[in-house]
Amino acid sequence: SSGINAEYGHKTAGTDDKKLQTTLKKLQCNNIPGIEEVNIIRDDSTVIHFTNPKVQATVGANTFAISGNAEHKSITDLFPGILNQLVGMSSSLPSKSKPVVDDDEVPALVEDFDEASKTEAV
C-alpha cells in the first residue's frame, strides 16, 4: 500500500503581517506616532487593551489599523485611568435625550415684528 505524503505550508505571523502591510499601503495608511495606549471597549464591557501599539490610519476612509500586544481586560480593571477617555468620548456619542435650551442663551427680541411688517407693507 502506498501512502500519500502531503506537506502543508504553515502561514507564519510574518506572512500575515506582510499581507496586512501591503493592504494598508494600498489604502494609503500613515503611521500615527506617539500613541501610548488604545482601548477598544466591547458591548459586553470587556476591553481589548493595547500598550504602545503601532497605529496606522487613513482618516478619510475611516480606516484604522492597531497592532501590537493586546490584552483582554474587564473595564473595571482599567479604572480610574480610563475615566478620562470615557468622559472625552461621551460628547461624541449620540444622545437619546432632547437638547436642553438655556433661556440665557436665547437672544432677546430687539424690535416689534408686527410693527415692522405694517411699515413694510406700505
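Observations on the structure shown:
- Residues satisfying the stated conditions in region 44-75, i.e. open to solvent by 50 Å² or more (accessible area, probe 1.4 Å), out of contact with any Asp or Glu (no Cβ under 8 Å at 6 or more places or on another chain) and of a type outside the set (V, I, T): D44, S45, K54, G60, A61, N62, F64, G68, N69, E71, H72, K73
- Residue check, I41 modelled with pLDDT under 90 and either under 15 Å from the mean Cα position of the chain (by Cα) or within 21 Å of G14 (Cα to Cα) (or both): yes
- Qualifying residue in region 18-31 (condition: within 27 Å of N84 (Cα to Cα), open to solvent by 60 Å² or more (accessible area, probe 1.4 Å), at pLDDT 85 or above and assigned to a loop (DSSP other than H, G, I, E, B)): no
The values are calculated or read from the model by the stated rules, or taken from the named source; none is laboratory data. All of these numbers come straight from a predicted model, not from anything done at the bench. All Cβ positions, glycine included, derive from the backbone under ideal geometry; neighbour counts span all protein chains shown. Surface areas here come from the heavy atoms of the whole protein model, side chains and all, with no ligands, DNA or RNA. Shrake-Rupley method; radii C 1.70, N 1.55, O 1.52, S 1.80 Å.
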